[in-house]
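Just below is one structure, and these are the notes that go with it.
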Amino acid sequence: MKVTVIGTGYVGLVTGACLSEMGNHVVCLDVDPEKIRILKEGGIPIHEPGLLEIVQRNVAGGRLEFTTDVEAAVAHGTIQFIAVGTPPDEDGSADLQYVLAAARNIGRTMTDFKVIVDKSTVPVGTGDKVKAAVQDELDRRGIRLDFAVASNPEFLKEGAAVADFMRPDRVVVGADDERAILLMKALYAPFIRNHDRMMVMDLRSAEFTKYAANAMLATRISFMNELALVAEKLGADIELVRQGIGSDPRIGFHFLYAGCGYGGSCFPKDVKALIRTAADAGQPLQLLQAVEAVNDRQKLVLVDKVVARYGEQLKGKTFAVWGLAFKPNTDDMRDAPSRVVIAELARRGAKLQAYDPVAVPEAQRVLAGTPGLSYADSARAALEGADALIIVTEWKEFRTPDFEALRESLADRTVFDGRNLYEPKLMRSLGIEYHGIGRP
Ligand SMILES: NC(=O)c1ccc[n+]([C@@H]2O[C@H](COP(=O)([O-])OP(=O)(O)OC[C@H]3O[C@@H](n4cnc5c(N)ncnc54)[C@H](O)[C@@H]3O)[C@@H](O)[C@H]2O)c1
């Protein structure tokens, strides 16, 4: 099938690459000439495990192309995926300017039937806006052309995006046009061969499903984070509580880890956007407002622990920081807890020696000008000359460090662990002062 993917970010590039892997002929369009240059030169602009190989294989096979040429991209695909960003607007609502610009580009240049599929996370009702924008452009041109609009929210996780796209738990399609439904079924069939996991529903329900999913996951995290604070007061261990409740199949183990807050490009903005949508609809979401407030506070929990240990002023103190990305296996730093932790500690005069396996270039961009912040090129190097260690992201390479070397490097032999990577008892036996989240 001929497919165009508009936007080559985390979602668009993975979608385009994985669809080409199944034999489809895919053209990926982006307005960012730098991204397209990198892709045309055989690289990828993001860190995503396994993606580079798929991109290179399908570019070589002639099934995957990259362009900034809107007209050529629109002409190519019968299916046009919109996978552009939907960042939060000032009032928290999703900013639809990129989605609607993409829709208008299609309407402005299309010459035959198109199925326009919204993959970006968009508020309920956006499908109607996309339809209206395309129709408006066709009217301006004074021509009549048939098209269908569908919603196909994306559930991939950064860091495991290729695997998620290749083996989805479910594929949600919102559409009322039979041709659109048939094309989407054909396109996704190779990804769900083992058993049908496509759910076809109306457009609004599909749009809502994506927000509901992220809101649920964020709620689980904030729930555990809030309980972790109580556990600290009561002398209970949140890790044991997590295992105790996760073993109940009605609850399950996923997304129950207490930590230093959720971040990334999705949960914070999607929770905000859903709060806004609900308020605008006259049905405020009290629970989600609390989820957001709990998370905002939780991003400061490591700072609170450092301040409790060292005092408000941190001049003269040096901290090693392990992990900058909002989660492991990505270089994405959008709304990452590390940004809050680093800004707050720097403001108090601390020196920070940060290390991340892949996110340092991105950190250098988003944290430019932070006083006292420097970067190390290994976890070990970050410890040199530091008083204490702060762990913000649970990269695998941090899970079993050389504890003796770690203790000897840190002047105060102290670890603040925002991801509960280590056993408090083991740390104590090693002579390391250990501050986890919700643990004795
Ligand atoms: N990142 C995730 O893990 C994830 C998961 C599921 C859903 N989503 C949703 O998918 C959407 C995209 O997210 P992302 O993380 O891939 O964003 P991103 O910022 O990484 O990529 C968006 C891309 O779109 C391009 N773009 C903007 N306007 C354009 C236009 N008119 N024409 C062509 N290209 C244009 C940008 O240059 C950018 O490269 C968002 O709505 C997001 O909420 C993201």
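The values are calculated or read from the model by the stated rules, or taken from the named source; none is laboratory data. All figures in this text were calculated on a predicted structure; none of them were measured in a lab. Note that we place each Cβ from the backbone using ideal geometry, even for glycine, and neighbour counts take in every protein chain shown. All accessible areas refer to the heavy atoms of the entire protein, side chains included, with ligands and DNA or RNA removed. Shrake-Rupley method; radii C 1.70, N 1.55, O 1.52, S 1.80 Å.
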Inset, instruction - Scan the range 354-369 for residues that are assigned to a helix (DSSP H, G or I) and open to solvent by less than 30 Å² (accessible area, probe 1.4 Å) and jot them down. - result: 360, 363
Inset, instruction - Considering only the range 381-393, state which residues are closer than 18 Å to residue 325 by Cα and either among the hydroxyl-bearing types (Ser, Thr, Tyr) or open to solvent by 50 Å² or more (accessible area, probe 1.4 Å) (or both). - result: 393
Inset, instruction - Only residues in the range 145-156 that are touching a residue at least 24 places away in the same chain (Cβ under 8 Å) and part of a loop (DSSP other than H, G, I, E, B) count as the first member; pair them with residues that are open to solvent by 20 Å² or more (accessible area, probe 1.4 Å) and more than 12 Å from the ligand (Cβ to nearest atom), Cβ under 6 angstrom, at least 6 apart or cross-chain, and list the lot. - result: 146/113
Legend entry - Residue, nearest to the chain's Cα centre (by Cα), within the range 136-158, restricted to residues that are open to solvent by 70 Å² or more (accessible area, probe 1.4 Å) and farther than 24 Å from residue 209 by Cα: 146
Inset, instruction - Give the residue that is farthest from the ligand (Cβ to nearest atom), with candidates limited to residues of the range 58-71 that are charged (D, E, K, R) and outside any helix (DSSP H, G or I). - result: 63
Legend entry - Among residues of the range 72-104, those that are open to solvent by less than 40 Å² (accessible area, probe 1.4 Å), outside any loop (DSSP other than H, G, I, E, B) and either within 19 Å of residue 13 (Cβ to Cβ) or more than 8 Å from the ligand (Cβ to nearest atom) (or both), counted: 10
Inset, instruction - Could you tell me whether residue 351 is open to solvent by 20 Å² or more (accessible area, probe 1.4 Å), basic (Lys, Arg) and out of contact with any Gly (no Cβ under 6 Å at 6 or more places or on another chain)? - result: no
Legend entry - Where a residue in the range 40-52 is farther than 12 Å from residue 158 by Cα and its partner, wherever it lies, is within 15 Å of the ligand (Cβ to nearest atom) and of a type in the set (Phe, Trp, Tyr), with Cβ under 7 Å and at least six apart: 40/66
Inset, instruction - Please name all residue pairs, on different chains or six or more residues apart, with Cβ atoms under 9 Å, provided the first residue is in the range 111-126 and is among the hydrophobic types (A, V, I, L, M, F, W, C) and the second residue is within 10 Å of the ligand (Cβ to nearest atom) and part of a strand (DSSP E or B). - result: 116/82; 117/82; 122/82; 122/94
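This table checks each residue for (1) among the hydrophobic types (A, V, I, L, M, F, W, C); (2) free of Cβ contacts under 8 Å to residues at least 24 places away in the same chain.
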| residue | (1), (2) |
| --- | --- |
| 301 | yes, no |
| 305 | no, no |
| 308 | yes, yes |
| 328 | no, no |
| 358 | yes, no |
| 364 | no, yes |
| 375 | no, yes |
Legend entry - Top-ranked residue in the range 38-50 [being within 12 Å of the ligand (Cβ to nearest atom) and part of a helix (DSSP H, G or I); ranked as surrounded by the fewest Cβ atoms within 10 Å (Cβ to Cβ)]: 38
